[in-house]
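The values are calculated or read from the model by the stated rules, or taken from the named source; none is laboratory data. Since the model is a prediction, treat every value here as computed from it, not as a measurement. FYI the Cβ positions are ideal-geometry reconstructions off the backbone, even for glycines, and counts take in every protein chain you see. Please note that ligands, DNA and RNA were not included when accessible areas were found on the heavy atoms of the full protein model with its side chains. Shrake-Rupley method; radii C 1.70, N 1.55, O 1.52, S 1.80 Å.
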Amino acid sequence: IVRGLLDFSRKRSRKSTPVPVDRLLDAAIAAVEKHDSFQNVRVHLDLPAHLPPVDGDFDQLTQAFVNLATNAAEAMPDGGTMTIAARAPDNNLIEISVQDEGVGISAENQSRLFTPFFTTKPVGRGTGLGLPIVYGVVKMHSGDISVTSEENRGTTFKITLNRWTEKATADSIPNTRE
């Protein structure tokens, strides 16, 4: 809980590196798949070949997808399928969605999802910091996050991130002074 609070409250900078989406999602799944909540959850990855990398910080983005995957699994206490899909809708963006077949989120609660300390989980099961951390990481990466949900049918979180592009750095700019 304390680490979550510190991570949420800190204004951390982020690295700007090319992050391969397949490695990112594999790392997030590997971090959570042994948890009890994943016992009856099947994870389906839908990733196109040759998906360009996103511009970001691997560790921060991994934490965001760990939080989303954990929430998705916990929303399916009787099991089900979690589908994680990615696509490149244009030359600038990469969309990654995490979809579950779980209990869904009421319309009233959807408007409060990214509010720190808001949780629908029983006492001792959640801090209400998971989704605010996801939101903070996505915004720190100049991305967007949206949610669609229907009670008793499931939820989909969609994250849109910038595609990695080579950027000019101080080292790559020729020195014109003599």
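A simple count of charges around A107, restricted to other residues whose Cβ falls under 12 Å of its Cβ and scoring Lys, Arg +1 and Asp, Glu -1, yields -2. Accessible area ranking (1.4 Å probe, heavy atoms, ligands and nucleic acids excluded), largest first, for K34, K15: K34, K15.
The phi torsions of segment 142-150, fed into the Karplus equation with coefficients 6.51, -1.76 and 1.60 and a -60° offset, translate into couplings of 6, x, 10, 9, 9, 9, 10, 8, 9 Hz, rounded to whole numbers, with Gly and Pro shown as x. Between D59 and L93, the modelled label-to-label distance comes to 3.0 nm, taking each label 7 Å out from Cα in the direction of the beta carbon. A Förster radius of 30 Å, combined with the Cβ-Cβ distance separating D36 from T115, puts the computed FRET efficiency at roughly 0.65.
Other residues within the sphere of radius under 13 Å centred on the Cβ of E95, judged by their own Cβ, net out at 0 (K and R +1, D and E -1). Bridging of K15 to aspartates and glutamates at a Cα separation below 13 Å is possible for D55, D57, D59, once same-chain residues fewer than 8 apart are set aside.
For I84, neighbours were defined as the other residues whose beta-carbon sits under 14 Å from its Cβ, and their charges (Lys and Arg +1, Asp and Glu -1) total -3.
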